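Below is one structure, written out as structure tokens; comments come after it.
The values are calculated or read from the model by the stated rules, or taken from the named source; none is laboratory data. Quantities reported herein were computed from a predicted structural model and do not represent experimental measurements. Methodologically, a virtual Cβ is constructed for each residue, glycine included, from the backbone with ideal geometry; neighbour enumeration extends over all protein chains shown.
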Amino acid sequence: MATGGRKEATGRTADADGPDTGAVKRGRGSTAVYEELREDILSLRMAQGSALDEVALAARFGLSRTPIREALLMLQREDLVTFLPGRSAIVTPHTMSNAHEYMDTLMLLSRAIIRLAAEMRTPETLERIRACNAEYAAVAAAGEVDAIVAADLAFHNAISAASGNTFLGSFYRLALDYGRRMHLLHYYPLFDADEAARCVGQHAAMLAAIEAGDPARSEELASDHVMSELRVVQRSLEPKVGIKFSLGNGTGSGR
């Protein structure tokens with residue numbers, strides 16, 4: 001069957017003046033699989049510890065197993081996929097073992113990003129932050145978690161863009177993504193009307209400080225925002241049932 005290209009000495013099919021179309025398709029395939037699976041894992045649509053069957057994934061994406069394996073290896077580098085003996089893979093379970101390191105990193109990056117945003121903002125980046133702030137306020141009132149998560153990420157990414165520093169911004173976005181599972185597991189279950197109002201107020205205050213070009217105030221507000229969310233996460237780990245029962249001899253005195 002004619003392919004519309006020439007057969008090169010290497011055995012690959014290529015257009016006369018074009019790249020290896022097979023390699024390009026495979027590259028796009030693995031990248032698309034990586035991006036979709038990454039979003040499934042970070043949003044908890046794919047359960048922690050669940051098996052990642054390459055044959056099933058190949059059927060899902062309409063690709064061979066090679067780009068599937070490439071995508072899983074990319075996810076392994078982000079500690080989102082774990083390979084087990086026998087070449088099988090699972091979604092890496094989320095743990096809190098390095099939460100203190102994560103919070104330190106998030107705090108430092110948040111302060112640096114917003115400080116730069118207050119110094120480097122432009123009319124265009126300010127308008128983007130304003131739009132994201134308005135969207136967040138609207139969805140926070142509605143209470144739909146997926147929409148709130150997306151709007152929150154958009155707001156903070158807009159601040160990142162306003163900083164004008166692509167290197168810091170890339171690390172900041174990675175840190176925000178890294179914390180998504182922790183937030184879904186330990187923060188959003190306690191996201192009530194009071195918490196929504198607090199976040200809306202904090203976002204508005206950060207926007208105002210950036211608009212005013214006040215780096216010190218912006219940095220202070222970013223710190224407060226990170227710490228207030230951390231306190232909710234800490235509260236989610238407090239005992240809720242075990243503390244209610246007496247372990248005494250049945251008299252209720254505990255003796």
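Hey, can you tell me all the residues within region 80-97 that are surrounded by 12 or more Cβ atoms within 10 Å (Cβ to Cβ) and over 14 Å from Leu52 (Cβ atoms)? Let's see the steps before the verdict.
Quick first cut of region 80-97, residues surrounded by 12 or more Cβ atoms within 10 Å (Cβ to Cβ) only: 80-83, 88-92, 94, 96.
Listed by number, the residues that qualify are His94, Met96.
Would you check if Arg180 is buried (at least 18 other Cβ atoms within 10 Å of the Cβ), closer than 27 Å to Ala147 by Cα and in contact with a helix residue (DSSP H, G or I) (Cβ under 6 Å, 6 or more places away or on another chain)? First the steps, then the outcome.
On the way: buried (at least 18 other Cβ atoms within 10 Å of the Cβ): yes; closer than 27 Å to Ala147 by Cα: yes; in contact with a helix residue (DSSP H, G or I) (Cβ under 6 Å, 6 or more places away or on another chain): yes.
In short, yes.
Output yes when any residue across region 27-48 is in the same structural domain as Val149 (by TED's automatic domain parsing), within 23 Å of Asp177 (Cβ to Cβ) and in contact with a Phe, Trp or Tyr (Cβ under 7 Å, 6 or more places away or on another chain), and no when none is. Looking for residues that are in the same structural domain as Val149 (by TED's automatic domain parsing), within 23 Å of Asp177 (Cβ to Cβ) and in contact with a Phe, Trp or Tyr (Cβ under 7 Å, 6 or more places away or on another chain), one finds none in region 27-48, hence no. Within region 236-254, identify whether any single residue is free of Cβ contacts under 8 Å to residues at least 60 places away in the same chain, surrounded by 12 or more Cβ atoms within 10 Å (Cβ to Cβ) and in a helix (DSSP H, G or I), and answer yes or no. Yes - at least one qualifying residue is present in region 236-254.
Residue count for region 109-154 under the criterion of being within 16 Å of Glu219 (Cα to Cα) and either without any contact (Cβ under 8 Å) to a residue 24 or more places away in the chain or not β-branched (Val, Ile, Thr) (or both): the result is 11.
One residue stands out among those in region 74-103 that are touching a residue at least 24 places away in the same chain (Cβ under 8 Å) and more than 16 Å from Asp177 (Cα to Cα): the one that is farthest from the chain's Cα centre (by Cα), which is Ser88. Tell me the residue from Leu57, Leu106 that is under 24 Å from His225 (Cβ atoms) and either in the same structural domain as Ser30 (by TED's automatic domain parsing) or within 16 Å of the chain's Cα centre (by Cα) (or both), please. So the residue among Leu57, Leu106 that is under 24 Å from His225 (Cβ atoms) and either in the same structural domain as Ser30 (by TED's automatic domain parsing) or within 16 Å of the chain's Cα centre (by Cα) (or both) is Leu106.
Applying the criterion of being within 30 Å of His186 (Cα to Cα) and of a type in the set (Gly, Ala, Ser) to the residues of region 37-79, the residue that is surrounded by the most Cβ atoms within 10 Å (Cβ to Cβ) is Ala71.
Which ones in region 72-92 are in a loop (DSSP other than H, G, I, E, B) and closer than 25 Å to Tyr172 by Cβ? Hits for region 72-92 are Arg77, Glu78, Asp79, Leu80, Thr92. Report, by residue number, each residue of region 188-197 that is in contact with a Gly (Cβ under 9 Å, 6 or more places away or on another chain) and part of a helix (DSSP H, G or I). Matches in region 188-197: Ala193, Ala196.
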